[in-house]
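The values are calculated or read from the model by the stated rules, or taken from the named source; none is laboratory data. Predicted model only: the values in this text are computed from it and were never measured. All Cβ positions, even for glycine, are placed from backbone atoms using ideal geometry, and neighbour counts span all protein chains on display.
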Amino acid sequence: MNQDSVASWMADGACRAYPPNTFFPSDGVGVDKARKICATCSVTAACLEYAIENHIDHGVWGGCSERERRRISKRRRIAVQAL
């Protein structure tokens, strides 16, 4: 599968109507603002999975901060190890 089809969901992202720096905040207030935008988005799940699968370390993706994505990844690794 080529990269265009893998990330085709991006064209539907609510974030496209905002400047990119909105989703790369330097403080908690900025994270909350980005999350509110993500809450209105129809592709939040795909966005979050993309960020996790591609190990994107910065910004708010799928309504989750960097720290939240690290926690999700850790929980998934632990769950796989438990199988």
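Of note:
- Members of the range 7-23 that are surrounded by 12 or more Cβ atoms within 10 Å (Cβ to Cβ), modelled with pLDDT of 95 or more and part of a loop (DSSP other than H, G, I, E, B): G13, Y18
- S42 being outside any helix (DSSP H, G or I) and without any contact (Cβ under 8 Å) to a residue 12 or more places away in the chain: no
- Single condition A45 does not satisfy, out of (1) modelled with pLDDT of 95 or more; (2) exposed (fewer than 11 other Cβ atoms within 10 Å of the Cβ): (2)
- Filtered by the rule that a residue be over 13 Å from F24 (Cβ atoms) and among the β-branched types (V, I, T), the range 38-69 gives T40, V43, T44, I52.
- Of all residues in the range 49-65, those satisfying the criterion of being surrounded by fewer than 19 Cβ atoms within 10 Å (Cβ to Cβ) and not in a loop (DSSP other than H, G, I, E, B) are E49, Y50, I52, E53.
- Filter pass, S73 being of a type outside the set (D, E) and closer than 18 Å to Y18 by Cβ: no
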